[in-house]
Amino acid sequence: MRYPVDNKKITSPYGMRTLPGRKPVFHYGIDFTGKNKTAIAPCDMTVDRILDVDSEYPCRFKLVRGKFEIDNTVPLGRAWTPYVIAHSSDNPDVTFVFKHIAPLKGLSVGDIILEGGKVGTIGNYGFSMGEHLHFEVMINNKHTDPAKWLIENVNKV
């Protein structure tokens, strides 16, 4: 078991958070710094769902005078947040969600990605204010704190 990125710096934790100009919402994952360029399989996993980057409208936000604002030139229903959802090959009750990534070219539902294998390229896609990986862990379809889960499971023999 390993982390889904090389640089383990978390820029937004699991739990309640308030983004600038927004109401507080629950953040169901953790965000890793955009200094990571690659999302990595934390264990052998099987791909369940994929949504690729919206090639015409990759991001819902734009930078205006140093502040991020919703880009109203993007049509409603566009600039979707791309993702890969996969489950552990050893434990199908554990599901991983990787968001704001361009999925690996040629990746298909049912593919097996081995531990440490590339899932996709981290970027600034969808409902995003900068390059980062949003990473979720669900156990039996219930969210759990990914940071705690990683601490408890990485490097276990």
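The values are calculated or read from the model by the stated rules, or taken from the named source; none is laboratory data. Note that the coordinates shown come from a computational prediction; the quantities given were computed from them, not determined experimentally. Positions of Cβ are generated from backbone atoms using ideal geometry, with glycine treated the same way; all protein chains shown enter the neighbour counts.
How many residues are basic (Lys, Arg) and in a loop (DSSP other than H, G, I, E, B) if we restrict to the range 37-58?
Quick first cut of the range 37-58, residues basic (Lys, Arg) only: 37, 49.
Then drop every residue that is not in a loop (DSSP other than H, G, I, E, B), which leaves 37.
Of the residues in that region, 1 qualify.
Considering only residues that are touching a strand residue (DSSP E or B) at 6+ places or on another chain (Cβ under 6 Å) and under 14 Å from residue 39 (Cα atoms), which ones fall in the range 92-106?
Within the range 92-106, 96, 97, 98, 99, 100, 101, 102, 103, 104 meet the criteria.
To keep it simple, each residue is scored yes or no on (1) modelled with pLDDT of 95 or more; (2) touching a His at 6+ places or on another chain (Cβ under 9 Å); (3) of a type in the set (Lys, Arg).
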| site | (1), (2), (3) |
| --- | --- |
| 95 | yes, yes, no |
| 107 | yes, no, no |
| 112 | yes, no, no |
| 122 | yes, yes, no |
| 129 | no, no, no |
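Given the criterion among the β-branched types (Val, Ile, Thr), under 25 Å from residue 9 (Cβ atoms) and modelled with pLDDT under 95, identify the matching residue among 74, 154, 64, 84.
Working: 74 fails: under 25 Å from residue 9 (Cβ atoms); 64 fails: under 25 Å from residue 9 (Cβ atoms); 84 fails: modelled with pLDDT under 95.
Unique residue meeting the criteria: 154.
Which condition from (1) in contact (Cβ under 8 Å) with a residue 40 or more places away in the chain; (2) hydrophobic (A, V, I, L, M, F, W, C); (3) farther than 18 Å from residue 143 by Cα is the one that residue 97 breaks?
The single condition residue 97 does not satisfy is (3).
In the range 52-66, is there at least one residue being touching a residue at least 24 places away in the same chain (Cβ under 8 Å) and β-branched (Val, Ile, Thr)? Before you say what the answer is, go through the steps one by one.
Going residue by residue through the range 52-66, those that are touching a residue at least 24 places away in the same chain (Cβ under 8 Å) are 52-54, 58-61.
Going one step further and asking which of them are β-branched (Val, Ile, Thr), we end up with 53.
So far as the range 52-66 goes, yes, one or more of its residues are touching a residue at least 24 places away in the same chain (Cβ under 8 Å) and β-branched (Val, Ile, Thr).
Looking at the structure I just gave you, is residue 98 closer than 25 Å to residue 18 by Cβ and crowded, with 21+ Cβ neighbours inside 10 Å? Spell out the reasoning first.
Numbers: closer than 25 Å to residue 18 by Cβ: yes; crowded, with 21+ Cβ neighbours inside 10 Å: yes.
Spelling it out, residue 98 is indeed closer than 25 Å to residue 18 by Cβ and crowded, with 21+ Cβ neighbours inside 10 Å.
Residues are listed down the side, and each one gets a yes or a no for (1) closer than 17 Å to residue 107 by Cβ; (2) polar (S, T, N, Q); (3) modelled with pLDDT of 95 or more:
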{"site": "4", "(1), (2), (3)": "yes, no, yes"}
{"site": "10", "(1), (2), (3)": "no, no, yes"}
{"site": "13", "(1), (2), (3)": "no, no, yes"}
{"site": "17", "(1), (2), (3)": "no, no, no"}
{"site": "21", "(1), (2), (3)": "no, no, no"}
{"site": "25", "(1), (2), (3)": "no, no, no"}
{"site": "30", "(1), (2), (3)": "no, no, yes"}
{"site": "46", "(1), (2), (3)": "yes, yes, yes"}
{"site": "50", "(1), (2), (3)": "yes, no, yes"}
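How many of the residues making up the range 35-73 are of a type in the set (Phe, Trp, Tyr) and within 19 Å of residue 113 (Cα to Cα)?
Of the residues in the range 35-73, the ones of a type in the set (Phe, Trp, Tyr) are 57, 61, 68.
Restricting the remaining residues to those that are within 19 Å of residue 113 (Cα to Cα) gives none.
Matching residues across the range 35-73 total 0.
Which pairs do you get when a residue that is outside any loop (DSSP other than H, G, I, E, B), found in the range 9-36, comes within reach of a residue that is among the hydroxyl-bearing types (Ser, Thr, Tyr) and surrounded by fewer than 13 Cβ atoms within 10 Å (Cβ to Cβ), reach meaning Cβ atoms under 9 angstrom, with the pair 6+ apart or on two chains?
If the second residue must be among the hydroxyl-bearing types (Ser, Thr, Tyr) and surrounded by fewer than 13 Cβ atoms within 10 Å (Cβ to Cβ), the pairs left are 25/18.
Return the residue satisfying two criteria in turn: it lies in the range 1-40 and is among the hydrophobic types (A, V, I, L, M, F, W, C) and under 17 Å from residue 125 (Cα atoms), and of such residues it is surrounded by the fewest Cβ atoms within 10 Å (Cβ to Cβ). Break it down into steps so the answer makes sense when it comes.
Step one: filter the range 1-40 for residues among the hydrophobic types (A, V, I, L, M, F, W, C), giving 1, 5, 10, 16, 19, 25-26, 30, 32, 39-40.
If we keep only those that are under 17 Å from residue 125 (Cα atoms) too, we end up with 19, 30, 32, 39.
Values: 19: 13, 30: 25, 32: 25, 39: 27.
Within the range 1-40, the match that is surrounded by the fewest Cβ atoms within 10 Å (Cβ to Cβ) is 19.
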